[in-house]
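*Asks:* Sharing a structure with you now.
The values are calculated or read from the model by the stated rules, or taken from the named source; none is laboratory data. Since we're looking at a predicted model, the values are computed, not measured. Cβ placement follows ideal geometry from the backbone for every residue including glycine, while neighbour counts extend to all protein chains displayed. The protein model used for the area step is the full one, side chains on, heavy atoms only, and it has no ligands, DNA or RNA in it. Shrake-Rupley method; radii C 1.70, N 1.55, O 1.52, S 1.80 Å.
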Amino acid sequence: MLEAKAITVRYGAREAVAGVTLSAELGLLTAIIGPNGAGKSTLMRALNGAKELSGGEILLDGKPLREFARRAVGRRIAVVAQESELRFPVTVMEFVLGGRYAWASTGAWGWETERDIEAAKRALFETELTDFAARLVSELSGGERQRVVLARALATEASILLLDEPTANLDLAHQAAMLSLVRERCDKRGASAVVVTHDVNLAAAFADRVLLIKGGRTLAAGAPREVLKPDTLRELFDIQVLVDEHPVTGAPRITPVLKHQERR
Ligand code: ADP
């Protein structure tokens, strides 16, 4: 379990995250939603130990995150960062297998074991990339590349998944398919996930908890039904939204009401 307690993160004098509390608990998927510049990516970087805190603390399985060696963190936490550039001429299989590196007992070339290869193959299968295994990552479409990055994270078999906009470039079917995979990791394989998304309806459909952040601060946190309300969303995004119930799932359904659509 990963717990962030009242964490504050700065870039020089600028406070990007201010007193945010969040925990990634077994089986739970938490969605983070907020406008551009709200501090979401910074929060994700702090959760993985990649950005130093200037206040608060982060505990991994009850112990301060900063006391863990990088590789020990890598075995427990898998990250999908925003806009990973994959310019290196490596194949999809090599790249996904790279996610297993934190498990390697030696730093030498050819470190991977049967188990590593199995985990990589499985992740490729789950992300519908089996046929892409021999392709170069530098020659894929944006959406394919995004699935490759998710496959690498899944191949780690880490129990905590930190995903920064993992569905931003995906088509409608793949958005749902990829979040279903993450949901399944949480439900059946003892994982927990924190997912940054701009898609409030995907969050409503897949998340157990939603954290709304604005200006680095928590605006609201709780179950989608408690948090995704018109007043709160208006405060968050400064737009009017309609919230009703999804006719099939009963989850909150959010529809923006655009200025030109408002009734006079
Ligand atoms: P989000 O992911 O919600 O769009 P970010 O975490 O990227 O927001 O950014 C939060 C704030 O921190 C913004 O004001 C942004 O301009 C600032 N920021 C982000 N990265 C840096 C950086 N490397 N140096 C200085 N300021 C940064």
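*Asks:* Go through (1) part of a strand (DSSP E or B); (2) closer than 26 Å to ALA123 by Cα; (3) away from the ligand (no atom under 16 Å from the Cβ) and name the single condition CYS186 misses.
*Replies:* So the condition that CYS186 fails would be (1).
*Asks:* What are the pairs, 6+ residues apart or on separate chains, where a residue within the range 234-248 that is farther than 18 Å from LEU212 by Cβ has its Cβ under 8 Å from a residue that is small (Gly, Ala, Ser)?
*Replies:* So the pair list comes out as GLU245/ALA251; HIS246/ALA204; HIS246/ALA205.
*Asks:* So, in the range 196-214, of the ones that are within 14 Å of the ligand (Cβ to nearest atom) and open to solvent by 60 Å² or more (accessible area, probe 1.4 Å), which residue ends up farthest from ALA16 (Cα to Cα)?
*Replies:* Ranking the qualifying residues of the range 196-214, first place goes to HIS198.
To keep it simple, each residue is scored yes or no on (1) outside any loop (DSSP other than H, G, I, E, B); (2) more than 12 Å from the ligand (Cβ to nearest atom); (3) among the hydrophobic types (A, V, I, L, M, F, W, C).
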site	(1), (2), (3)
LEU26	no, yes, yes
ASN36	no, no, no
GLU52	no, yes, no
ARG66	yes, yes, no
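*Asks:* I need a count of the residues in the range 12-27 that are out of contact with any strand residue (DSSP E or B) (no Cβ under 6 Å at 6 or more places or on another chain), in contact (Cβ under 8 Å) with a residue 24 or more places away in the chain and within 28 Å of ILE239 (Cβ to Cβ).
*Replies:* 1
*Asks:* Restricting attention to the range 205-264, which residues are in contact with a helix residue (DSSP H, G or I) (Cβ under 7 Å, 6 or more places away or on another chain), of a type outside the set (A, V, I, L, M) and outside any strand (DSSP E or B)?
*Replies:* PHE206, PRO224, THR249
*Asks:* Right, here's the next one. Within the group ALA46, ALA50, ALA69, which residue is open to solvent by 30 Å² or more (accessible area, probe 1.4 Å), under 16 Å from the mean Cα position of the chain (by Cα), among the hydrophobic types (A, V, I, L, M, F, W, C) and farther than 23 Å from LEU170 by Cα?
*Replies:* ALA50
*Asks:* What tally of residues in the range 167-182 results from selecting those that are outside any helix (DSSP H, G or I) and open to solvent by 40 Å² or more (accessible area, probe 1.4 Å)?
*Replies:* Total meeting the criteria: 3.
*Asks:* Would it be correct to say that LEU26 is open to solvent by less than 40 Å² (accessible area, probe 1.4 Å), under 17 Å from the mean Cα position of the chain (by Cα) and closer than 21 Å to PHE68 by Cβ?
*Replies:* On the way: open to solvent by less than 40 Å² (accessible area, probe 1.4 Å): no; under 17 Å from the mean Cα position of the chain (by Cα): yes; closer than 21 Å to PHE68 by Cβ: yes.
When the stated conditions are applied, LEU26 does not pass them.
*Asks:* Out of THR30, THR91, which single residue is closer than 24 Å to CYS186 by Cβ, among the hydroxyl-bearing types (Ser, Thr, Tyr) and either within 16 Å of the ligand (Cβ to nearest atom) or touching a residue at least 40 places away in the same chain (Cβ under 8 Å) (or both)?
*Replies:* Every option except THR30 fails the conditions.
*Asks:* Does GLY19 count as within 16 Å of the ligand (Cβ to nearest atom), open to solvent by 70 Å² or more (accessible area, probe 1.4 Å) and over 21 Å from LEU150 (Cβ atoms)?
*Replies:* No; evaluated as a whole, the condition is false for this residue.
*Asks:* When you scan the range 104-117, do you find a residue that is out of contact with any Pro (no Cβ under 7 Å at 6 or more places or on another chain), buried (at least 16 other Cβ atoms within 10 Å of the Cβ) and part of a helix (DSSP H, G or I), even just one?
*Replies:* Yes, some residue in the range 104-117 is out of contact with any Pro (no Cβ under 7 Å at 6 or more places or on another chain), buried (at least 16 other Cβ atoms within 10 Å of the Cβ) and part of a helix (DSSP H, G or I).
*Asks:* Could you check TYR101 against (1) at pLDDT 90 or above; (2) under 29 Å from LEU43 (Cβ atoms) and say which number it fails?
*Replies:* (1)
*Asks:* Here's a follow-up. Hey, among ALA120, ALA38, which residue is surrounded by 14 or more Cβ atoms within 10 Å (Cβ to Cβ), touching a residue at least 12 places away in the same chain (Cβ under 8 Å) and under 19 Å from LEU181 (Cβ atoms)? Talk me through it step by step, then tell me what you get.
*Replies:* On the way: ALA38 fails: under 19 Å from LEU181 (Cβ atoms).
On inspection, the qualifying residue turns out to be ALA120.
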